[in-house]
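Below is one structure, written out as structure tokens; comments come after it.
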């Protein structure tokens, strides 16, 4: 099997505990060597649970450790950009959670550094590894649905849902629901629809200085459009996420996957067999395996800072539209 890839995980919040730690711990070629967080008690618990050799409160201890091959950055948003840049300067492989930076300017700065360290940085777009998303993309690229002329997507959280405290701190999160939930939706929608965004118009509702809900209309250069709705706290009985696509030959939706196509003037269900169990968890495992292959076998990152830049430009425009109460055109 050869030498194991030694991984450091920085930021041990919910996504690290529920997804990253179990994923990397299950890969034979990987060894979680060090974890870093500001909460010492949390570190001690995770050290014992996963038998991790080293724990630290200092990010510097991770990037300066010559034995560490790759670093997973899963800290609050405002730390992503400086940590990625510092880790690149120490020539580490990096898997960074969304968002890569708080805005387009930060991501462009990362791009300048990443160019000096080719194939070292992978952007954590785990939703693209989901089997249902992969399957739907194949159907779209195979022209099974025809030209997609309308899409809608949303993520609505019920009142009282668990939201990490730092996500409601604008300095640490960089924004509210548009950035923190909208980024996941935009990632999948823009990946499935290889279209260039032309204009956006956004309306946002604020709560305690940060956006709690928002609605946007995104128009593409070919005249088609996407609607986006996100909310942290709605008077709603359950969390609800969706993506619906409507084409000239058929339609599709996610959560769960369903694909329909017009055949002889009738709408026929052509959904392939795809397990809806553990789609999210398996996406993190596949992402972790790809990252380990980058380090051990020289595989190129599947997604990079340029993917982050594309999404960030749209999000920046969404915020500008809401602030200026007008439609905003992208370059």
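The values are calculated or read from the model by the stated rules, or taken from the named source; none is laboratory data. Since this is a predicted model, take the numbers as computed values, not measurements. When we count neighbours, we look across all protein chains shown, and the Cβ atoms used for this are built from the backbone with ideal geometry, even at glycine.
Applying the selection to the range 247-267, what residues are surrounded by 12 or more Cβ atoms within 10 Å (Cβ to Cβ) and assigned to a strand (DSSP E or B)?
Once the filter is applied, which keeps residues that are surrounded by 12 or more Cβ atoms within 10 Å (Cβ to Cβ) and assigned to a strand (DSSP E or B), the range 247-267 yields 247, 250, 251, 252, 253, 254, 258, 259, 260, 261, 262.
Being part of a strand (DSSP E or B) and closer than 26 Å to residue 168 by Cβ is the filter here; which residues of the range 187-203 pass it?
Our first condition is that a residue be part of a strand (DSSP E or B); within the range 187-203, this holds for 197-203.
Hits for the range 187-203 are 200, 201, 202, 203.
Among the residues of the range 22-55, which ones are closer than 19 Å to residue 92 by Cα and assigned to a helix (DSSP H, G or I)?
Once the filter is applied, which keeps residues that are closer than 19 Å to residue 92 by Cα and assigned to a helix (DSSP H, G or I), the range 22-55 yields only 24.
State whether the residues of the range 288-303 include one that is at positive phi, assigned by TED's automatic domain parsing to the domain that holds residue 15 and out of contact with any strand residue (DSSP E or B) (no Cβ under 6 Å at 6 or more places or on another chain).
Checked against the condition, which is being at positive phi, assigned by TED's automatic domain parsing to the domain that holds residue 15 and out of contact with any strand residue (DSSP E or B) (no Cβ under 6 Å at 6 or more places or on another chain), the range 288-303 yields at least one hit.
Sort through 313, 300 and tell me the only one that's part of a loop (DSSP other than H, G, I, E, B) and closer than 26 Å to residue 118 by Cβ. Reasoning before the result, please.
Numbers: 313 fails: part of a loop (DSSP other than H, G, I, E, B).
Result: 300 is the single residue among 313, 300 that is part of a loop (DSSP other than H, G, I, E, B) and closer than 26 Å to residue 118 by Cβ.
State all residues of the range 94-135 that are more than 25 Å from residue 20 (Cβ to Cβ) and either buried (at least 22 other Cβ atoms within 10 Å of the Cβ) or under 19 Å from the mean Cα position of the chain (by Cα) (or both); if no residue qualifies, say none.
Answer for the range 94-135, where residues must be more than 25 Å from residue 20 (Cβ to Cβ) and either buried (at least 22 other Cβ atoms within 10 Å of the Cβ) or under 19 Å from the mean Cα position of the chain (by Cα) (or both): 104, 105, 108.
Got a sec? Which of 241, 227 is within 30 Å of residue 25 (Cα to Cα) and not in a helix (DSSP H, G or I)?
Values: 227 fails: within 30 Å of residue 25 (Cα to Cα).
The unique qualifying residue is 241.
Could we say that residue 62 is touching a strand residue (DSSP E or B) at 6+ places or on another chain (Cβ under 6 Å) and either assigned to a strand (DSSP E or B) or farther than 25 Å from residue 305 by Cβ (or both) here? Before the answer, list the steps.
On the way: touching a strand residue (DSSP E or B) at 6+ places or on another chain (Cβ under 6 Å): yes; either assigned to a strand (DSSP E or B) or farther than 25 Å from residue 305 by Cβ (or both): no.
Considered against the rule, which asks whether it is touching a strand residue (DSSP E or B) at 6+ places or on another chain (Cβ under 6 Å) and either assigned to a strand (DSSP E or B) or farther than 25 Å from residue 305 by Cβ (or both), residue 62 comes out as no.
All but one of (1) assigned to a helix (DSSP H, G or I); (2) in contact (Cβ under 8 Å) with a residue 24 or more places away in the chain; (3) within 27 Å of residue 130 (Cβ to Cβ) hold for residue 321; state the number of the condition that does not hold.
Looking at each condition in turn, residue 321 falls short on (3).
Looking at (1) more than 15 Å from the chain's Cα centre (by Cα); (2) over 18 Å from residue 224 (Cβ atoms); (3) in contact (Cβ under 8 Å) with a residue 60 or more places away in the chain; (4) not in a helix (DSSP H, G or I), which one does residue 206 not meet, given that it meets all the others?
With respect to (1) more than 15 Å from the chain's Cα centre (by Cα); (2) over 18 Å from residue 224 (Cβ atoms); (3) in contact (Cβ under 8 Å) with a residue 60 or more places away in the chain; (4) not in a helix (DSSP H, G or I), residue 206 is out only on (3).
State whether one or more residues within the range 145-157 are in contact (Cβ under 8 Å) with a residue 60 or more places away in the chain, buried (at least 16 other Cβ atoms within 10 Å of the Cβ), more than 17 Å from the chain's Cα centre (by Cα) and within 28 Å of residue 289 (Cα to Cα).
no
Evaluate the range 268-278: report whether one residue or more is over 27 Å from residue 139 (Cβ atoms), at pLDDT below 95 and surrounded by fewer than 13 Cβ atoms within 10 Å (Cβ to Cβ).
Filtering the range 268-278 for residues over 27 Å from residue 139 (Cβ atoms) gives none.
No, the range 268-278 contains no residue that is over 27 Å from residue 139 (Cβ atoms), at pLDDT below 95 and surrounded by fewer than 13 Cβ atoms within 10 Å (Cβ to Cβ).
With surrounded by 12 or more Cβ atoms within 10 Å (Cβ to Cβ), touching a strand residue (DSSP E or B) at 6+ places or on another chain (Cβ under 8 Å), farther than 19 Å from residue 127 by Cα and in the same structural domain as residue 212 (by TED's automatic domain parsing) as the only criterion, which of 242, 319 stands out? Can you show your working first?
Values: 242 fails: farther than 19 Å from residue 127 by Cα.
Step by step, each of 242, 319 is checked, and only 319 is surrounded by 12 or more Cβ atoms within 10 Å (Cβ to Cβ), touching a strand residue (DSSP E or B) at 6+ places or on another chain (Cβ under 8 Å), farther than 19 Å from residue 127 by Cα and in the same structural domain as residue 212 (by TED's automatic domain parsing).
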